Structure formats: C-alpha cells, structure tokens
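Student: Have a look at this one.
The values are calculated or read from the model by the stated rules, or taken from the named source; none is laboratory data. What you are looking at is a predicted structure, and each value in this text was computed from that prediction instead of being measured. Backbone-built Cβ (ideal geometry, glycine too); neighbour counts: all protein chains shown.
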Amino acid sequence: MSILNYLVLSGILFAIGGTAVLVRRNAIVAFMGVELMLNAANLTLVTFARMHGDLTGQVIAFFVMVVAAAEVVIGLAIIVSIFRTRGSASLDDASLLKS
Amino acid sequence: MPETLLGQSPLTVLILVPAVVAALVWLVPPLRRLARPIGLVTSALVLAGAIALAVGFDVSAANETQFAQVADWIPAFGASYAVGVNGLGLVMVLLATLLVPVVIVAGWNEVTLPATVGDGDETAERKALDYRRAGWVALILVLEALMIAVFASRDIFLFYVVFEAMLIPVYFLIGVYGGANRRYAAIKFLLYSLAGGLLMLAAVIGYFFVGTDQGPQAFLLDQAPGLDAAGVPLITEMLLFLGFFIAFAIKAPMWPVHTWLPDAAQQATPGTSTLLVGVLDKVGTFGMIVLCLPLFPNAAAAAAPVIIVLALISILYGGLLAIGQNDMMRLIAFTSVSHFGFIVLGIFVGSATAVTGSMIYMVAHGVSTAGMFLVAGFLTQRGGTQDMGAYSGMQRITRVIAGTFLVSGLASLALPGLSGFVPEYLVLLGTFEVAPWMAIVAVLGVVLAALYILLAYQRVFTGPPSANHAGMPDLNGREKAVMGVLIAAMLVLGFYPAPVLDLLTPLSETVAALVTGGVA
Amino acid sequence: MFVAPHIEWAALSPVLILLGAAVIGVLVEAFVPRGSRRLVQVVVAALALGGALVAVTWRWTVVQQDGPSSLVAGALREDAPALLFQAILLILALLALLVIADRARGEDAFTPTASAIPGSEYEGQARRAGLAQTEVFPLTMFAVTGMLVFPAAADLLTMFIALEVLSLPLYLLAGMARRRRLVSQEASLKYFLLGAFSSAFFLMGLALLYGYAGSVHLADIATAVPLVSGMDGLLLAGSALVIIGLLFKVGAVPFHSWTPDVYQGAPTPITGFMAACTKVAAFAALLRFVYVVTPGLGWDLAPFLWIVAILTMVVGTVLAIVQTDMKRTLAYSSVAHAGFLLLGIIALDERGISGILVYLLAYGLATVGAFALVTLVRTKDAEGNLVGEAGHLSEWAGLGRRSPVLAVCFALFLLSFAGIPLTAGFTGKFAVFGAAVAGGDWPLVVIAVLASAAAAFFYVRIIVLMFFTEPATGEDGSATTVVRSEGLTAVAVVVCAVGTVLVGVVPTAVLAVAAQASKFLL
Amino acid sequence: MTEMTISSGEAVLFWILAPLMVMGALGLLFARRTVHIAVAVAGVMVGLAVMYIANEATFLGVAQVVVYTGAVMMLFVFVIMLIGVDSTESLKETLTGQRWLAALAGVGLLVLMGAITTRAALPAPVGLAEANADTNAVGVARILFSDFIFPFELTGALLITAAVGALSLTHRVRLGAKFGQKEMAAAKLKAYGAGASSTLITNRPNPGVYARHNSADMPAVDAAGEPVEASITTVLRIRGQESNLPSAEELADAGRPYGQGEEPAAVPGAADERKELEQ
C-alpha cells in the first residue's frame, strides 16, 4: 500500500465525474458530476499534502469546499428557475438554442 | 510651387486637400447641394498643384526622390510616414490628378436616384439626390487623395496601408453607384483584392523580420536594402516576392487572376471604370517597379521567365476575349488585360528600353482607356444598353461620339502619332533585343488589338443606322470638353513624348539592371 | 509562531475600490428606495470603475519607479503587464457599463425581475410596475473585481478563486435578458455547467502541479522545474489541465461549445461585457501562466498549443461564415480572435506580450462597440410594437440607408475585426503576427492570414447587407427599426469608434506603453 | 523529517472503501433515478471524508461531512425533491454518436489520469506528524490566515455573489394588494353570488381514501361511482401521476395490492394539459 493508491482512486473518480458531465442529459446529474470532479481534486490535494508534509494542500482543499458551496447555490438556483419555467431539468429540452 | 507649407511636403498638402474636402462635402448638409462644383474646383486645384509640382521638379535628378518628407509614424513596426516622388511617381500623380476632374465633369449627371426612392415628395427626393451625389463626389475625392498617396509613398508599410485603403472607396463606388449586378461585381472585386492584400501583408511582416534593419525606419523605401544584400536564402526571398507580386498581379489584372475586372468594369459607372482601370490598376505595375524589383532582385530575376510567359498569355488572352465580347465595357476591360500584359512584359523582360516603354505605357493606357470608357459611357447612357448588338450605323447619327471613339481606339491600338504608339514600340523593341521570339508573340497582340478595336467600331458605328436610335443627341459641350482634354493628351503623348521620356529614362536603367542581375 | 501577513493596502487599492463598490451596491439594494436605486447603482459603479482606473494609473507610475513587487504574502504580483491588463479591463468595463445602464425607449436590457416565470401574469405585473433588476450592477462589479485580480494572481489558488469570482456573476447575468427569457435562462445554465466543468479541470491541474512542486506559487513551480525529477508527467499534465481550464474561458476550440449559445442568449450588453473583458482577463492569466511556468518545460506543450491555435482559427472562421444570427456570428468571430491571440502566447517572447495587449485593446473596443449597436437595432411588428433585437442577419439589410451613422460605426468595428489597415484591429494583428514570425512560428502566421482572409468574407457580407441591400419587410409586416439610446450607449459607441480609429492610425503611444509593459518578471 | 509509514489498517480501510466509492460514483453514469444518484454521490462524499482523516486531515474530514454531505448534497436532494423525485431523463440522443464520443473522452481521461499518477516516481511521503503538532486545525488555520489571507478574503465576494444570485433568481417582491385567506374567501363568495356555477365556496373534495389506497393520487368517487377530477391536486394531474380507480376485477382480486409492479396509466388529456402549461 502506498499513497499512490489514493491518487489512482482520485483519477478514477475524476474521470467518472467528467464522463458524467459529458454523457448525462439531466442538468442536476451533470452538475453532480462536476462536484465529483472537484472532490477528486481535493483527494489529490490531501494526498499530496501528506506526501510533502505540508498543510498547504489541505488548505487549498478547504478553499475548494467553500468555492463549491457558492457554486452549488448559484447552480441550483439557475436549475430551479429553469425548472419553474419548463417543468424539466433536462438539457435536451433546453434546445431552443440551435445554430 | 512653394517647397513647404507648414513644414510639410507639397505632396502631403495634395493628399490632405481632397480628403478634407471630401469629409466636408459628405458631413456638412448645406454643402451637399454644391457637391459637384466643389468637387470639380477642388480637383482642378489639385491638378494645378500637381502641375506646379512638375514644373518645380528637377528633371536632371529624375532618379531621385524629390519633395520628400519623412516622419515617424509607428516606430514599433518600423513604419514611417514618408512621401516623395521620383520621375515615375510624378508622372503617375499627374495622370491621377488629370483624370479626376475629367471624370467628375464626365459624370456630372451620371448619379441618379434609384427607382425605389421618390414617392412624389419633391423636397425629399431632392434631398436624397443631393445626398447621393455628395457621397459620389466625396468617394471620388477620397480616392484621389489615396491615389496621390500611394504613388507618393516612400515607405513600404505606408504603401501597403494606402493600397488596402483604396479598396474601400472603389468598393462603394461600384457597389452603390453601379449597374444592376453591382453587388456581385463589388464583392468579387473586394474579395480578390483582399486576398491579394493579405498575402502582401504577410510578405510585409516577413520582410520586416527577415531584413537586416528592424529599427524604427525599417520600411523606408529609400533606405530599404534589397534582400539579396541581407544574405537571405533565395527561397525565403521568393516567398516574400510572391506575396507582393500576387497582390500586384491581381491589381494590374494579369491572367489568370484578372476575372474580377470585366465584371467590375461592366457594372461600374464609366467614371469609376476610368479611375479603376486608368489609374488604380497601375498601382499594380507601379508596385512591381518600385517594390518587387528593388526589394527582391534575386527572386525577381529568377521568376522573370515565368512572369513573362504569363504576360504573353495575358496579351493574347485579353485580345482574343475582347474580340468575343458583346458588352462594350467588358470589351474595354479585356483590352486592358491585354495592355497590362504588355506593361508587365516590358518590366520583366530586362531591357532598359522596354522598361521605359512600360512606364510610358502606364500613362498612355490611362489616357486612352479613359477616353474609351467615357465615350462608351456617353453612348450607352443615350442608348440605354451596353450591348453592342443593339447599335448600328451610329456614325451617321452621332458623329462626334463616333469620331472620339475612333481616336481613343486608335490610340489604344498604337497608331503612330497617338499616345499608344511610342510605348508599344519601345516595349516591343526592348523585348526584341533580349528575346526575339517573345517579341513575335507580342506582335500578335498588336494585330489582335487592331482587330478588336476596328471590329467593335464596325459593329457599332458603321452599317445602316439603327432606327431605334434615330435622333439620338450627340455630345454636348460638357462632354466635348471632356473628350477634348483626353484627345489632346493622347496627341501630346504621341507627338511630343520627350518630356515624359526624360522623366522616366533614368529610372529604367536601374530597373532593367535589377532583372538582368547586372550591377546598376 | 504565527506571523501576521503584511498587507499592502495602497497597492491593493484598485481591487478594494471595486470590491467596496460591489458591497455598497448590495447594500443599496437593501436600503435605497426602489425609485432611485438604479441611478445610485449606476453612479456608484461608474465612480468605482473610474476611481480604480485612477488608482491603476497611480500604481503604474509607482511600479515604473520602484519596480514590480509581490503583494499579500505572494498572492498577487504587481508588475507592469498586470497593471496594463487591469487598465484595459477597466476602460472596457466602463464602456460596457454605459451600455448596461442605458435604457433605450425607457427599457433596459434586463428582465424586470429574474424570479418571475417567463410569460406569467406576475412578470407582466412586474413590467407594468416598472421593476428593474438592479442587482445587475453589484454583480457586474463583482465580476470586474475577479477580472482585476486575475491578471495579477501570482499563485494558482488566487487565480482559481478569481476565476470563480469573475465567473459566478456572469452565469447569473447571462440569464437575465428582458426578452427571449427561455433562451436566456438556457444560456445561463449552459454557461454555468461548462464553466464549472472547466474550473474542475483547472483545479485538477492545480492539484497535480502542487503535487509536483509542493507549492502553488507560479514562481516556486518555475524554480522547481529544473530541480524535481521523476514527476514530469505531473508537471506536464498539470500545466495542460490548467491551460485547458483557461482555454475554456477564452473560448478556444475544442473548448468553445458554450460560446455561441451564451453569446446569443445573454442580454446583449452583458454579451459585450463578457466577450471583451473575460477574454482580456483570461488571456492575461494564460499569458502569465505560460510565460512564467512553461518555458522550463522545454516546449513539450508547444504541439498542444499549436493544434489548439490552428483549430481555433479555422473552426471559428468557418462556423462564423455559416451563421445567420448576428450575435452567433460575432460569437464565432470571437472564437477566431482567440485563435489569433494564441499566436502571441505561443510566440513566448516580449513582442508576444505587447502584441497581445494591443490586440486585446483593439478587440475589446470593437466588441463593446459592436454589441452596443446590436442593442439598438430592433424588430417591430406590423402594429409598430417593438418586439426585440433584430437577431437574424437579414433583418440588418438596408440599415445603411436608414441610419447611416450607426451603420458606418458598425462597419468600422467589423473592419477592425477583419484587420483592415487604419483600424485598431490591424495594429493588433500586425503586432501579434509579427511576434509569431519573430518567434519562428511562420506556418501559424500563414494559416492566420488565410483565416483572416476568409473571415473578411463574412464581415464584408454584413457590410454589403447593410449598405447595398434593400431593407426587408417580413411577411407579417414586421420591420427593423433603430431605437434612440438614452445617450449612454451612444457615448460608448463613439468612444469605441474613436478609439478604434486612433489605435489604427496613430498607435505609437499605445505600442510604446505596451512595449514598456512587456517584461514579465517573476 | 522522518519518513512516514502507512499502516496495514489504513490499507484495509482503503481497499474496503475504494471499491464502494467507485461503485457509488458509477451510479452517476448508470443509475436512472436522480435521487438514487444523489444518495450514491453523498455516499462517495462520506467515503472521502474517511479517507481525509486517514490522510491526517482531520479538520477537512469533518468539514467534508458537514459541508459536502451535510449541506451540499442535501441541497441537491432538496432541489431534486422540489423538481420531482421520480423525474427520469430521456435516453434519446440529440446528436447521434455524441454519447459514444463522450464516453470515449471519458475513457481517454481515465487513461490519462492513470498514466500520470502511476508513472510518476513519487518521492517517499513525509507525513504530517510534524505539521500537525499543534493539532491539524491549528496548522490549517496558520496557513489559511497567513499565506492565503488574500484568497480567503476574496471568497467573501464569492459568498455574497451566491447570496445575491440566489435571491434575485428566486425572491419575488409582492406586487399589488395582499391576497390572503380572508380576501380569497370574499372573492369566492362574490363570484358565487355573481352566478358562476363552477365556483366552489367550500374546499375542493379530498382525494379518495380507501382501505388499500390512502394516497393523494387516488381520486374521490362521487355518488355515481365516477372519479371526481377536482379531488386531486393540480400538480399531480399535470404530471400525469394520478392513479386510476381500481377496476371491479382488481377490487375482486383482493390478494394483490394495487400499484405494485406496474406504472399507473396516465390519464388521457393530462399530457395535453402539460404541454399547454409549458408554452
């Protein structure tokens, strides 16, 4: 067991999150994919902090949590306002914008 | 002529005056009604200024830049505001300033309202017409300023900028005031020119970074070293040369990048066509002489054989297609393609005689083409169509039109005594000295010229007078004056070309030496 | 053991002024009566932007004298390029603010209340009651704050936070258009999702670089490059991910997919604001990152940037040609411009920095001006009621005849986009292309010139449409009309036009300042 | 600095948690119901919290539970509830092949991340024993308030933006007079007095409550045995979620409770109504 395992795990989570954003058509699910990506980055930061023996990584991860919280508020507010308009949170229904 | 006005070169004044007047005419509503007289007076003044300039020009030093002014413009790019003329520049400035008042007079009543405007409200109609005329005059004056600037610029960057800027007024002159298909013609013209211009831009940037001097005056033409001196590999030099040359070849329409010209000439008003073919297209050949050859002598020498072949093709192709045209304006356009072939041939063949010929050719062709376009314009304005098949026997109905057309046409086909003869003779002579077979091919072009002019004359002016056009008015006094000036110019150039030759000969030695690779 | 950090208040003044204005704006929402809110907001915002501009100018003189310095424990870097980027940002933001604040025909471009369901009874009530979503102004101020920090950020964390500070308000603003609410809301959602997606990439890059160097300061990472071995993968991938995160913001292909939708859906003044200012801020950050961190990489990233630049120029140009909507056309053209700007990044020398500065100024002026004019051109139905902005290109036909001044200004901005000489766009293109040639990237320049030629086609097409085409009247009697602005938009347009001409004709001063700023110091 | 060792207990913990977390994450890709996904992701977040603590980040571990699991994910669940628990997404593709392309991009990302992390020759981990000497929270706070004081202050702007944004997107000022219970009663009576036959003075009928169906989606039955449409809330009707009355056979079939294993059929007309509402 080495700390490498944590990095591999975070890589897997990041990739799954990224794929979810690209594949899923539901805005909320896609957004959760983004959250998973952020968390994966946090795990990387925490692991590297341990590797370097330096708490900076943890502090950055803490910042990410704050940022993510603000982002979630905005994102969900946008999603709710769209839902109230159309009764759906699917990105496919939101297809007025076409070239 | 005062040497300086507020410390400026007189050329700067000549550039500024029409530009400022143009802005005033367009922007100040009370002046709009008087636009045409104001335009005429301004252009006449500019012509007077140009003549004064010529009087003050030191002919013995025709090879050198005179009336020069150099000021920093964008030091970071190595660009300066540098103007000045040598013999060739002076001659071209004279040509441009001569043709502008002529065109204004010729097109006095050319601008009318489009059919859509005018629902009976007379004051509104009057205002709309004034606005439209003011726009026309302003565009022509702007164009005049730019033409003087381009022939006077002694900085590569300035030359490029003006070269591109000229597109805009021409584009509007064709696109707003032209015939039914004007939009297509205007866009075709613009796209061709833009493509050429951007290639030239790439070459300008390349020249800056490849050359030895990257200082604040790197683009100054009188200090710009040819790239042969900078030890640049031939391939690089060739690429840069091509960037410039293609832009100029599009401008001075050479086969195979000439196709915009017939459309533009057909759709533009005769006045616009006159300026376009008579002066603007000369910027292409002018650029070949003042930029392509001195800056990239090795590349020019290497490319000369290919260019000569293209020039010969242009001569024959233009002549052949001119014969097949039914549209008068297209016919004149194709004759120009043929003539430009002669000019390019003379420049690149590598003989001083031929180069001199080419330079005079640029002036002579400007005058004779102007005559043909304008008189054809007078005719079509009366007859209502540019289709030659619609006319017949016009020499019995409109004698003066027939006569002036014939004189212009004969000048164009190089009848001795008229303007076209001396240059064509010189080009052929020079070519024959270097490469007889080329001269023989080119002579075919002369034969074709005789054919297309005389055939056109025959179709339109001889034969039984057409009933449709019976009673068509002949040229009025204004129009006679226009044609009179032009024919006088043709005669002067035909009988007494010596002053012009004096201005141009010193330069041609240098130019020819560049092509042959010899030392000047 | 704990040492309180030293805070350089004076040097932070531009940021602090704007942050203060944003907070005051929020308080104004709470305490000032509805009738005078808008006026107070506009005044506060304009004063703050003007004040910040003065502060930046003052800091410029200080930096010229004392040299660059690090601020607040190394979070920010105060140096000449940062200040110049900030100055450009503030100028453009001030112009954009004028357009945002303008109320042509008594209506601004924003929904009376964003909380109303589009088309509902409540929305109608709100409109009749004359509500105004004045939160727009503090949100704009927050966005500008983030943008101001972005070029100066000296560590990746500050950069990340600034990225979010500038993005979050824009996500919200994009959804507040007065008309076509559904499209606007959708733009907001798309912008948000893709923006969050891109910041996740940025963050992962940050994490990997932290793992590599043990620090997120750009300078520390740069010093670690020659020292640390065995982890090149982390460095390379981290840099690539950070760059990808920034490329999303500048709208480079293949990270551009949000651009057309968001540009089209957002309220037009906001589109102008973010098209100009976000691009300036993001390129400033990209420039700092690339110039400080990656030179030590021995150019392993060059192929990646080359491909992105080529794709961006070509795809942006080609797709712009096939568009039929004005805002989408401008959106794709802005994608193409991102590609041209990337040439300056790739050049990796001082010329590149000054080139990008000039290009961004030119592009920003034309963009703010063009979108400002788009707000004034409206469609009218058969009864003469204003319906909304004229989106379709065909609705712009014949504008040159009816409003020559507007059409000439618009044509000027288009010519500047196209890079025609004597406009600012030409100066910018020349500077950037020159830098690329000097950097030896001439194949890129050839592609760029070809792309410019193709791009000129669609700019010219619009000019043709405006001047040479008869105005079209729809089958239902709808027509295009130009509304009079309250004056603010007109001022912005005139300033942009004059700026475009001046930078085109006498660019010496601008070039000299840019050249002074082009030294990046660690 | 001494080199850190990783205990075998941590290894066991990792190998139990990691597969669970990956499975939870895969829910994002394959689960159909949004609420399931949210719960799965919340699980992943808890797993991460445990891993943070294992990585000597006690403070973060706690913050993760409080902020992410407790606040962020619950906000997600809240919004999902607001929008509709059982809203599923359509699986049709708008752009053909887009899904495969996206999946391919995802696999590429996975390979990339794997290659980066496994190929790197990481130095031996130092461990945080020294840095955490004054407890982890104090260590974090020291850096937070010295090196990163500027970004820390800047997050304030972020939080204000979030608050302003959420408010402006959701808060509505009241326009016009207050329309409370009293006013509504008065209005109803007025309408009734004016002779509008469709107006009810009383409440609407309650949904049907039967021995086996006491849910709000079951209509009440009038004297003739027909369902009363007005007895079901509009929301359910618009979504097409009301149940049909059990048929006689079903009533007779007492062995099987209604509603298991089959979707309630949508009432005809509900779909049209929904469309109208969306327009």
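Student: Going by the structure shown, is B:V306 surrounded by fewer than 24 Cβ atoms within 10 Å (Cβ to Cβ) and either more than 19 Å from B:L199 (Cβ to Cβ) or among the β-branched types (V, I, T) (or both)?
Tutor: So B:V306 fits the description; yes.
Student: Follow-up. Taking the condition in contact with a strand residue (DSSP E or B) (Cβ under 8 Å, 6 or more places away or on another chain) and either closer than 16 Å to D:A162 by Cα or part of a helix (DSSP H, G or I) (or both), does C:M141 pass?
Tutor: no
Student: Considering only segment C:18-30, state which residues are more than 14 Å from C:T140 (Cβ to Cβ) and under 23 Å from the mean Cα position of the chain (by Cα). It would help to see each step written out before you state the result.
Tutor: As a first pass, look at segment C:18-30 and keep what is more than 14 Å from C:T140 (Cβ to Cβ): C:20, C:27, C:30.
Result: C:G20, single match.
Student: Take B:V137 and tell me if it is surrounded by fewer than 24 Cβ atoms within 10 Å (Cβ to Cβ), closer than 30 Å to B:D327 by Cα and touching a residue at least 40 places away in the same chain (Cβ under 8 Å).
Tutor: Spelling it out, it is not the case that B:V137 is surrounded by fewer than 24 Cβ atoms within 10 Å (Cβ to Cβ), closer than 30 Å to B:D327 by Cα and touching a residue at least 40 places away in the same chain (Cβ under 8 Å).
Student: Among the helices (runs of 4 or more DSSP H) contained in segment B:1-89, which hold 3 or more residues that are within 14 Å of chain C (Cβ to nearest Cβ)?
Tutor: Where helices (runs of 4 or more DSSP H) fall fully within segment B:1-89 and carry at least 3 residues being within 14 Å of chain C (Cβ to nearest Cβ), they are B:10-27.
Student: Regarding C:L95, is this residue buried (at least 19 other Cβ atoms within 10 Å of the Cβ) and over 11 Å from C:A152 (Cβ atoms)? Walk me through it before giving the result.
Tutor: Values: buried (at least 19 other Cβ atoms within 10 Å of the Cβ): yes; over 11 Å from C:A152 (Cβ atoms): yes.
The answer is yes for C:L95.
Student: Inside segment B:40-87, can you point out the residues that are within 30 Å of B:A481 (Cβ to Cβ) and touching a Phe, Trp or Tyr at 6+ places or on another chain (Cβ under 7 Å)?
Tutor: Passing the criteria: B:L53, B:V85.
Student: Only one residue in C:G391, C:G384 is at positive phi and among the small types (G, A, S). Which one?
Tutor: None of the other options fit; the residue is C:G384.
Student: Any residue at all in segment C:63-75 that's crowded, with 21+ Cβ neighbours inside 10 Å and within 19 Å of C:V144 (Cα to Cα)?
Tutor: yes
This table checks each residue for (1) more than 11 Å from chain C (Cβ to nearest Cβ); (2) surrounded by 24 or more Cβ atoms within 10 Å (Cβ to Cβ); (3) over 24 Å from B:M359 (Cβ atoms).
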| residue | (1), (2), (3) |
| --- | --- |
| B:K127 | yes, no, yes |
| B:L141 | yes, yes, yes |
| B:A149 | yes, yes, no |
| B:S153 | yes, yes, no |
| B:I156 | yes, yes, no |
| B:G175 | no, no, yes |
| B:M200 | no, yes, no |
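Student: Next question. For segment C:480-504, give me each residue that is buried (at least 17 other Cβ atoms within 10 Å of the Cβ) and within 14 Å of another protein chain (Cβ to nearest Cβ).
Tutor: C:V503, C:G504, listed by residue number.
Student: Taking segment C:199-231 on its own, how many of its residues are at the interface with chain D (Cβ under 9 Å from one of its Cβ atoms) and free of Cβ contacts under 8 Å to residues at least 12 places away in the same chain?
Tutor: 2
Student: Over 30 Å from A:A41 (Cβ atoms) and either within 22 Å of the chain's Cα centre (by Cα) or more than 7 Å from every other protein chain (Cβ to nearest Cβ) (or both) - does that describe any residue in segment C:141-156?
Tutor: The answer is no, given that none of the residues of segment C:141-156 is over 30 Å from A:A41 (Cβ atoms) and either within 22 Å of the chain's Cα centre (by Cα) or more than 7 Å from every other protein chain (Cβ to nearest Cβ) (or both).
Student: Among residues belonging to segment D:148-161 that are surrounded by fewer than 23 Cβ atoms within 10 Å (Cβ to Cβ) and in contact with a helix residue (DSSP H, G or I) (Cβ under 7 Å, 6 or more places away or on another chain), point out the one that is farthest from A:I60 (Cα to Cα).
Tutor: D:I160
Student: Keeping to segment B:159-173, report how many residues are part of a helix (DSSP H, G or I), more than 9 Å from chain C (Cβ to nearest Cβ) and more than 19 Å from C:F457 (Cβ to Cβ).
Tutor: 3
Student: Could you tell me how many of the residues in segment D:101-134 are touching a residue at least 60 places away in the same chain (Cβ under 8 Å) and either surrounded by fewer than 15 Cβ atoms within 10 Å (Cβ to Cβ) or in contact with a Cys (Cβ under 8 Å, 6 or more places away or on another chain) (or both)?
Tutor: Residues meeting the conditions: 3.
Student: Would you mind stating whether B:I313 is modelled with pLDDT of 80 or more, surrounded by fewer than 21 Cβ atoms within 10 Å (Cβ to Cβ), under 23 Å from the mean Cα position of the chain (by Cα) and in a helix (DSSP H, G or I)? Give the steps one after another, and end with the answer.
Tutor: Details: modelled with pLDDT of 80 or more: yes; surrounded by fewer than 21 Cβ atoms within 10 Å (Cβ to Cβ): yes; under 23 Å from the mean Cα position of the chain (by Cα): yes; in a helix (DSSP H, G or I): yes.
So B:I313 passes the test.
Student: Going by the conditions given, is C:G205 closer than 23 Å to A:V72 by Cα, in contact with a strand residue (DSSP E or B) (Cβ under 8 Å, 6 or more places away or on another chain), buried (at least 24 other Cβ atoms within 10 Å of the Cβ) and not aromatic (F, W, Y)?
Tutor: When the stated conditions are applied, C:G205 does not pass them.
Student: For segment C:233-290, give me the residue count where each residue is more than 20 Å from C:L203 (Cα to Cα) and of a type in the set (F, W, Y).
Tutor: Residues that pass the stated criteria total 2.
Student: Then there's this: Scan segment D:163-171 and give yes if some residue there is within 7 Å of another protein chain (Cβ to nearest Cβ), surrounded by 19 or more Cβ atoms within 10 Å (Cβ to Cβ) and assigned to a loop (DSSP other than H, G, I, E, B), otherwise no.
Tutor: no
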